[in-house]
Amino acid sequence: MSCDPLLDYTSELNEAKDIIENHFSSGEISFIEENVGIPLKLLHDLFSSGKVKGDKMLDVSVAGVLFPIFSACDVFKKIYVMNFTDSSDIHFKTWLEKKEGATDWSFVSKRVCQLEGNADGWREKEEQVRKAIEGVVKFDITTGSVASVVLPQVDCVTCAYLFNTICHNKEDITRNLQILTSWLKVGGYLVFFIALNMSFYRVGQHKFVALTVDEKLAKESVTKAGFVIEKEEVIPTSVESDIVDYKNLLFLVARKERSLLNL
């Protein structure tokens, strides 16, 4: 019996809300805790330490996922968000503009406020995030043309789980890292999450292909893109799920040592 081919994120994801709510917002609690809750603690610890700081930040996470911004908005006055599909761009703006049908991110805002010692301030935190977002742009990663996107140089780039979805081979990882950190100043930081040894993920009834990346390849790709890794942590998988098959999650903090792609 033949199997249907796996779909591609950049060309065939029609509804970003489904991937967000299945994988990052209101799905199985133990699963969401692993790929969002634990990263939130790592991000809180990083941004509250004062190690990563500045005025401007760019987020390039998958599907308009918001959680990296919630702790970062205490550090960066201006945050720019880059989306890679029409669906993710539209759905992100739905939350930003408080329109009907937006994803409920209160799980994230409440968790961040608990970490900050202000458990009742989650509504104010969401407003703080909205006010910090200076611009939202859509970028066609398949062309790799940065000239069409007008953004300032930033002090930090955050990226959650994007590279498993937009990359088709190991060369794509370094290439796309160079492209998406073109706006990052030398000396600035990449804050990077990637799923390890993952081959697919489900969105509703559809199955999408994911690039399988091990820890060695992920770290080598970041280094080849001009970065020095200063912190790394593997988040072990404890939850089995039929909607994704990653084995572990990798968290990296890397400083940009040199520019390999000029705007």
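The values are calculated or read from the model by the stated rules, or taken from the named source; none is laboratory data. This is a predicted model, so every value here is computed, not measured. Neighbour counts run over all protein chains shown; Cβ positions are idealised from the backbone, glycine included.
Across the stretch 155-176, the number of residues qualifying as within 15 Å of I229 (Cα to Cα), of a type outside the set (V, I, T) and either out of contact with any strand residue (DSSP E or B) (no Cβ under 8 Å at 6 or more places or on another chain) or surrounded by fewer than 23 Cβ atoms within 10 Å (Cβ to Cβ) (or both) comes to 0.
Considering only residues in the stretch 52-68 that are under 15 Å from F193 (Cα atoms) and in a loop (DSSP other than H, G, I, E, B), the one that is nearest to the chain's Cα centre (by Cα) turns out to be S61. Beta carbons closer than 6 Å, at least 6 apart along the sequence or on distinct chains, pair a first residue in the stretch 224-253 that is among the aromatic types (F, W, Y) with a second that is in a strand (DSSP E or B) and surrounded by fewer than 19 Cβ atoms within 10 Å (Cβ to Cβ) for F251/E233. Of all the listed residues (S109, S71, S25), the sole one being touching a residue at least 60 places away in the same chain (Cβ under 8 Å) and out of contact with any Pro (no Cβ under 7 Å at 6 or more places or on another chain) is S25. The set of residues from the stretch 208-223 being crowded, with 16+ Cβ neighbours inside 10 Å and either within 15 Å of L196 (Cβ to Cβ) or under 16 Å from the mean Cα position of the chain (by Cα) (or both) comprises A210, L211, T212, V213, E215, L217, A218, K219, S221, V222.
Residues in the stretch 232-244 that are in a strand (DSSP E or B) and loosely packed, with under 15 Cβ neighbours inside 10 Å: E233, V234, P236. Just one of the listed residues (F70, F107) is closer than 28 Å to V186 by Cβ and hydrophobic (A, V, I, L, M, F, W, C), and it is F70.
So A132 passes all but one of these: (1) on the phi < 0 side of the Ramachandran plot; (2) free of Cβ contacts under 8 Å to residues at least 60 places away in the same chain; (3) of a type in the set (G, A, S). Which condition number does it fail? All conditions pass for A132, except number (2). What do you reckon, is S71 at pLDDT below 95 and in a helix (DSSP H, G or I)? Spelling it out, S71 is indeed at pLDDT below 95 and in a helix (DSSP H, G or I). Evaluated against (1) out of contact with any strand residue (DSSP E or B) (no Cβ under 6 Å at 6 or more places or on another chain); (2) in contact (Cβ under 8 Å) with a residue 24 or more places away in the chain, D45 falls short on exactly one condition, (2).
When G226 is tested against (1) exposed (fewer than 15 other Cβ atoms within 10 Å of the Cβ); (2) closer than 24 Å to T143 by Cβ, only condition (1) is not met. Residues in the stretch 161-192 that are of a type in the set (S, T, Y) and assigned to a loop (DSSP other than H, G, I, E, B): 3 in all.
This table checks each residue for (1) within 21 Å of R255 (Cβ to Cβ); (2) of a type in the set (A, V, I, L, M); (3) surrounded by 15 or more Cβ atoms within 10 Å (Cβ to Cβ).
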| position | (1), (2), (3) |
| --- | --- |
| I90 | no, yes, yes |
| K125 | no, no, yes |
| V129 | no, yes, yes |
| V136 | no, yes, yes |
| P152 | yes, no, no |
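What about M57, is it buried (at least 21 other Cβ atoms within 10 Å of the Cβ) and under 18 Å from E126 (Cα atoms)? Against the criterion (buried (at least 21 other Cβ atoms within 10 Å of the Cβ) and under 18 Å from E126 (Cα atoms)), M57 qualifies.
Of everything in the stretch 224-250 that's within 17 Å of the chain's Cα centre (by Cα) and among the hydrophobic types (A, V, I, L, M, F, W, C), which residue is nearest to I20 (Cα to Cα)? Once the filter is applied, the top-ranked residue is V244.
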